[in-house]
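The block underneath contains the structure these notes are about, expressed in structure tokens.
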Amino acid sequence: MKELPEDINPPKWADRFFKWYCYAPLHESIYGDMQERYDEYLERYGLRKANRKYWLDVLRFMNRHTLKRSKNSKVNTYNPLSMLSNYLKVGFRNLLKNRSFTVINVLGLSVSMAVCLVIILMINDQLSYDNFQANKDRIYRFTHERTNGRIGLPIATVPVVLGDRMQADFAGFEHMVRFSRGFGGEILQDGKAIAINGLQTEQSFFEMFSFKLEQGNIETCLKEPNSIVLRKDIAEKLFGDKNPMGETITVDTDENYLVTGVLEAFPGKTHIEFESLVSMTGRTFSNWEGTTEGWVYFTLQEGVSMDGLEPMLTALQEEHYNEQSEYLVDFNIQKMTDITPGPLYGNQIGSSMPNFFVIGLAILALLIIICAAFNYANLSAARALTRTKEVGVRKVMGARKGHLTIQFIVESILVSLLSLVVAIGLLQFLIPAFENLQMSSLLNWDLSLEPKIYAQFIGFSVLVGLITGLFPSLYLASFRPIEAMKNAISSNKLSRVNLRKALIICQFVISLVLIVSSTLVYKQIKFMVEKDYGYTKENVINVELQGQDYEILKTELSRLPFVERISATNLIPNTGQTTNVDAKRNFTEEPVNFNYFAVDEGYIDNLNLTLVAGDNFLPTQKDGDETTIILNETGAKTLGFETALDAINEPVILGDSTRVTVAGVVKDYNYMVLYMDIKPMMFRYRPSSFRYAQVKITGFDISDEMTALEATWDKFDPNHEMIAKTFQGQIDEFNAFFYDILYIIGLVAILSITIATLGLLGIATYSIQVRLKEVSIRKVLGASSKGLILLLSKGFMYLFGIAMVIGFTLAYLGNSLWLDGFAYRVSFGVDIFLITALVMIGIGILTIGLQALRATTTNPANILRDD
Amino acid sequence: MHHKLGEFEEIVLLLVAAQHGEAYGLSITRAIEKELSRPVTMSSVHTALYRLEEKGYVSSHIGDAEGNRRGRRKRVFLITAEGKKSLIEARDARNHIWDMIPKFVIEFS
């Protein structure tokens, strides 16, 4: 037979496929036959046709004799479950044996997991909206978009008349519910004013939505005009234990409503926000321009298609909107299940979080858990090196690769379930902290832990365990028994750590940036809160006037012995609110925009401001027209007065025509949010704008004095609760937003540093384990421990150096961006970088140094014994 | 247990006996192609061999790796006593039918 070149081989994929399906004991002989045959093909037909014929052979060989056998075969019994108890036992023993390792793993994983759990809860909360609505998949609403001018957000409201017209023109509706906004006001109940809001709607509301009535007739409660149905908690707030049915509520002193129903507590969250429902009967709608008037929801009869609606909407658009009207309007239809979570709409019927936020959260959770999983995998792979003997023995005893993979995956699921327990423990602290954030109060999170959620948690952690366990277990299972037993796993195989090093650097850079940023945010907030604003706010209580006359209140409050002084204003400084007016010195000049405060003559004294020139307002001014103003120094300068004195008694024109003279100039002080510079500002004497009485008290016992204030208020205005806050309290409330940010960045910083440290620990342990033999030999040859630790740590110090250079640069640049927006900002200071660097180096020494120390203190005999 | 031999199985079994000690999948495939001038796929020969083995008419063992087999050894098939018996039975049955054919049918066809 002619010898054929051995280097022409049959198609590799065909071989692989054949090996994959072929029953192992038959594989060799059949494969050999096919090789001989292939060479014949080559000789006879040439390469291409030979390859094709070879493929055909491979495919033809598939039959009941050659396919792998799963069951009846005695050679390959594959039932991993039979070993499960053993895996669990060995797994537990291993966790107990390496306690410190287990603790690190579990802690690291559980911190990240806890954050993911919160996010899972948030996503669940978002998905829970309107799940109790029986018709939820059939309810739709009309929305619109304004198509002329700037393309804005789609808007959830429509002119209510659209509903009427559609109902008249289209026969396929089952129900239609029209909502109109605009019900709301104050109810006087037992001498107290209670604010109430609600939606105007119609009886079909109860047919379309699954809200139930606790009291009242569900078929007629909204039929009569001026009937009102109350939410349960509102009914309790208004009437206490009294039965509200049949009672009359007077809103804003002139509208009377009869209570015809009380709603049951809602079985779940709903995107429709209301405290009460008011009958729409008697109202007619005809204004097509009223695009923010209300909402129109509908369901179609069974079997009626949506297709008929679109052309009608288009026709109505063309009929009612053209170039002359205020907007061009494009009507659309939105399904209810797409509302929350859903895209961002203007004029929503209730507050909701747009869906991109939810998706963003999910991605964040994914990133966190990938980082954590990656580190866990690194650590496990390092651990694996100490378990090569076990793998070897198991293999010799007949374990196959699949068995071992499953064993190690079971172990990692075990760790991840343990972490879940810790993470659920952490949740008990995390959830309240999260709910305390200012922004969460807006969205009304419901983060309760239901059984269903626990099932999700367990599923999540099993998945995490599976994914994290996959890499190390595949790697472990691939050891060859002999090498494994001899402890001769070559270090080449393990040294592919460049990718890991890059990831470690990334993690540390992120942590560095976050640590620097959170320290800076903290410093900046502290700076802002503690900064001298240039006026005194201690012991000043701001009492909201709530429409009451300031002069009378002042007289009442002045009688209290502890009240030192009272002044009036329209705005509280440093809370982000401003009022503005244009001012100029004569009609030909360009006006200057001024912030102004409407104050009375007590204001300057009360806040301890300094008049640098001129005089205060005269108390007699209040009766007449506005005649004088007081400027701040910047204001005087901006208007072109060289010195403060120059400005005194000079005329200024406010707005278009109000002529006033400058009575005085006050020293500059910070009245704005602290990231802004001092701008031109003036005081105007305008009693009609007063909204707060600022009461300066002695402050010996603030709570006592507050109580006394309240008693006086209650006599003065029995219908409203006193709304009073300390000056400082009011500013703190405004600053709470910054604390929210600090809180979040701080948490993320802690999280990222934990993850990064674990990652470092993993890679350090790993690399040092690989070099154990080298270390032992060096030691035997007389290397000192110190030298060895240096040797082992050198590579990591290098990594650290890179991470710090990148991290600090990024932190500096990134933080400069936002800090530059602040007129009054803290400087970076060497201290921030020093502290961060020290923290980082400390972590580095702890993780790497300890591992290195451990490696150098092991007895070389133990490691070199086998060689 | 007595199995009937199929026609293709009978040919394969005959060839196993003919190539005594040298018979493996490909050699039989080649022989069928050469002796009977009949196209046959390797896999059907293999399948027939496995079926014969199941029926107990042949036995197999791992042999040498001669030829361009890229180092893979052959599975060599040997006919068993059972196999021989059933071959003889098959031949007898055929002969019996041959004997039933009137002489002139073949002579004058």
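The values are calculated or read from the model by the stated rules, or taken from the named source; none is laboratory data. Everything numeric here is computed off the predicted structure, so don't read it as measured data. Please note: Cβ atoms are built from the backbone with ideal geometry, for glycine as well, and neighbour counts cover all protein chains shown.
Structure notes:
- Just one of (1) β-branched (V, I, T); (2) under 17 Å from A:I678 (Cα atoms); (3) modelled with pLDDT under 85 fails for A:I572. It is (3).
- Qualifying residue in the range A:290-313 (condition: aromatic (F, W, Y) and over 22 Å from A:F209 (Cα atoms)): no
- Considering (1) in contact (Cβ under 8 Å) with a residue 12 or more places away in the chain; (2) outside any helix (DSSP H, G or I); (3) away from every other protein chain (no Cβ under 14 Å), the lone condition that B:H61 does not fulfil carries the number (3).
- Flag for A:Y550 being aromatic (F, W, Y), under 37 Å from the mean Cα position of the chain (by Cα) and not assigned by TED's automatic domain parsing to the domain that holds A:L838: no
- For the range A:561-569, the count of residues that are modelled with pLDDT under 90, of a type in the set (F, W, Y) and surrounded by fewer than 21 Cβ atoms within 10 Å (Cβ to Cβ) is nonzero.
- There is at least one residue in the range A:46-68 that is away from chain B (no Cβ under 14 Å), in a loop (DSSP other than H, G, I, E, B), farther than 23 Å from A:K395 by Cβ and at pLDDT 85 or above.
- Matching residues, the range A:540-582, being part of a strand (DSSP E or B) and among the hydrophobic types (A, V, I, L, M, F, W, C): A:V540, A:I541, A:V543, A:V563, A:I566, A:A568, A:V581
- Filtering the range B:69-93 to residues that are within 14 Å of chain A (Cβ to nearest Cβ) and either surrounded by fewer than 13 Cβ atoms within 10 Å (Cβ to Cβ) or among the aromatic types (F, W, Y) (or both) leaves B:G71, B:F77.
- Unique match (being closer than 24 Å to A:C22 by Cα and more than 9 Å from every other protein chain (Cβ to nearest Cβ)) among B:E66, B:E107, B:E54: B:E66
- When residues in the range B:67-109 are screened for being among the polar types (S, T, N, Q) and not in a helix (DSSP H, G or I), 3 of them pass.
- Pairs where the first residue, in the range A:598-622, is in contact (Cβ under 8 Å) with a residue 12 or more places away in the chain and assigned to a strand (DSSP E or B) and the second is surrounded by fewer than 20 Cβ atoms within 10 Å (Cβ to Cβ) and among the small types (G, A, S), C-beta under 9 Å, 6+ apart: A:A598/A:S688; A:A598/A:S689
- Tabulated pairs, the range A:706-731, first closer than 18 Å to A:Q548 by Cβ, second acidic (D, E), C-beta under 6 angstrom, 6+ apart or interchain: A:T712/A:E556; A:F716/A:E556; A:M722/A:E710; A:I723/A:E544
- Any hit, the range B:94-101, residues being more than 14 Å from chain A (Cβ to nearest Cβ), under 22 Å from B:I28 (Cβ atoms) and out of contact with any Gly (no Cβ under 7 Å at 6 or more places or on another chain): yes
- In the range A:79-172, counting only helices (runs of 4 or more DSSP H) that sit wholly within it, the ones holding 1 or more residues that are surrounded by 13 or more Cβ atoms within 10 Å (Cβ to Cβ) and among the aromatic types (F, W, Y) span A:84-97, A:99-127.
- Checked against (1) small (G, A, S); (2) closer than 21 Å to B:R91 by Cα; (3) more than 11 Å from chain A (Cβ to nearest Cβ), B:G21 passes all but a single condition, namely (2).
- Scanning the range A:651-669 for residues that are of a type outside the set (G, A, S), part of a strand (DSSP E or B), closer than 15 Å to A:T634 by Cβ and touching an Asp or Glu at 6+ places or on another chain (Cβ under 8 Å) returns A:V662, A:V665, A:V666.
- Candidates A:E318, A:E302, A:E326, filtered to the one that is assigned to a helix (DSSP H, G or I), of a type in the set (D, E, K, R), surrounded by fewer than 21 Cβ atoms within 10 Å (Cβ to Cβ) and in the same structural domain as A:G198 (by TED's automatic domain parsing): A:E318
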